[in-house]
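A short write-up of the structure that comes next.
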Amino acid sequence: MVLNDNDRELIEACQRGDQDAFAVLFAAHSAKVYSIALRYAGDPAAAMDIAQDTFLKLLSNIGQFRSDASFDTWLYRMVVNSCLDYQRRKRKLLPILDGVIDAVCAVQDTVLHDLLRQERHEAVQDVIGKLRPDQRIVVILRYMEELSYEHIAEIAGCSVGTVASRLNRAHRVLERRLSHLRRPGGFTRV
Amino acid sequence: MSNREKDNQWLEPVLRKGLTRVHAPAELWDRVVLPRMDSRRSAPPPRLVWMLAVASVVTASVCAVAVAWGHYPNPAGLNGLERPVEFRSQRASDIRAWVRQRTGLDIPLLAHPSSTIEMIGASVAEAGRVEVRYRVANQVASLFVSASDGRLSEHKHVIRGSMDNVTTLSWSIGPQAYTLAVQRTASLGGACLVCHTTESIL
């Protein structure tokens with residue numbers, strides 16, 4: 001994506017150290033960065049670490065950004081690298097809070113819909129989380145960010161063929177593990 | 001669209017629905033502009049983390065049990081979901097009639113629930129509390145029902161909780177209060193099909 005004049009001015013202001021401009025940039029991209037991190041890590045605390053890491057890198061490296069490049073691609077590449085860094089340094093901790101009482105109070109009449117949607121999201125998140133890191137990030141960029149194979153290849157620093165191959169392998173795993181969601185209407189069978 | 005982009009037709013919508021964007025927590029901004037507050041740099045010792053985690057589990061358990069059991073049918077015997085029932089039947093309509101005749105409670109069980117539901121029977125415990133037991137995809141589930149003072153027309157005051165290997169969901173509707181208890185590996189949404197059709201839920 002080519003930067004328009006407003007974006008270019010915003011980034012140039014960030015490069016001059018204008019904190020208000022950085023706040024605007026953060027507001028525009030925080031949901032995207034946090035969502036990718038959350039879907040990749042599957043854990044809000046880890047997602048906060050990844051998103052924080054991404055924005056700190058953005059803050060310290062924005063001076064190196066060339067305005068003729070795509071800011072979106074640059075930012076995607078940064079969050080993907082932060083995700084992969086997180087994977088590398090992640091320690092295997094016991095899921096000690098897995099059995100914690102999860103009490104949620106809701107006062108709404110759509111509880112069954114919410115319940116079903118939540119279970120579907122949890123099923124997808126659970127299966128995505130078990131994909132290999134390189135396949136996981138490609139699936140997230142493809143289905144959450146709706147990016148083309150070519151754009152994903154540019155971000156991941158690999159060929160379009162590699163992206164297609166990773167997606168293909170991920171599809172085979174996902175088809176098998178999410179087959180219970182295949183019924184018409186998408187109801188989660190148990 | 002090229003061949004390689006012809007992704008599986010059922011899988012794509014599932015992934016798109018399951019991978020929606022979320023808002024970043026407001027705390028993220030503080031953590032970016034005030035990096036000294038980064039919790040990773042001041043992480044407490046592992047032993048303290050474990051102690052706090054255990055304390056959190058105990059506190060949360062006590063609070064959830066106190067809240068849920070104070071207002072909703074007490075799913076007593078959650079660990080005994082396999083104990084015998086007073087009235088055995090695989091027909092939901094027979095169970096509904098038996099419960100109504102014994103207690104006056106009308107539980108809106110579907111006459112012909114989903115094929116994933118297999119009825120087992122029902123029991124009446126002290127204070128007129130009813131347990132309807134069934135299997136959902138071969139996992140035992142119990143629906144506990146008792147009379148309540150409420151006159152609510154919709155599912156209200158929903159409390160979701162879990163203990164040991166059982167997940168519970170409590171709510172009030174009309175003059176009755178309900179607690180649904182399923183084994184942790186089972187789907188609460190699937191267990192709702194004893195009273196709801198798939199279409200009504202979706």
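What follows is calculated from the coordinates using simple rules that are stated; it is not laboratory data. All figures in this text were calculated on a predicted structure; none of them were measured in a lab. Neighbour counts run over all protein chains shown; Cβ positions are idealised from the backbone, glycine included.
Counting only other chains, what is the mean number of Cβ atoms within 10 angstrom of the Cβ of each residue in peptide A:137-148? Don't jump to the answer; show the numbers that get you there.
On the way: counts 0, 0, 2, 2, 1, 6, 11, 6, 2, 1, 0, 1.
So the per-residue partner count for this stretch is 3.
Within a 10 angstrom radius of each residue's Cβ in B:177-184, how many Cβ atoms of other chains show up on average? Whole number is fine. Mind dumping the intermediate values first?
Numbers: counts 0, 0, 0, 0, 0, 1, 0, 2.
Average neighbour count from other chains, rounded to a whole number: 0.
Count, for each residue of B:189-195, the Cβ atoms from other chains sitting within 10 Å of its Cβ, then give me the mean as a whole number.
Details: counts 13, 8, 2, 4, 2, 0, 1.
That works out to 4 on average.
For the range B:86-99, what does the Karplus curve 6.51 cos²θ - 1.76 cosθ + 1.60, with θ = phi - 60°, yield as ³J(HN,Hα) per residue in whole Hz, taken in order and with x for Gly and Pro?
So the J values, rounded to whole Hz, are 6, 10, 9, 6, 9, 9, 4, 5, 5, 5, 4, 5, 5, 5.
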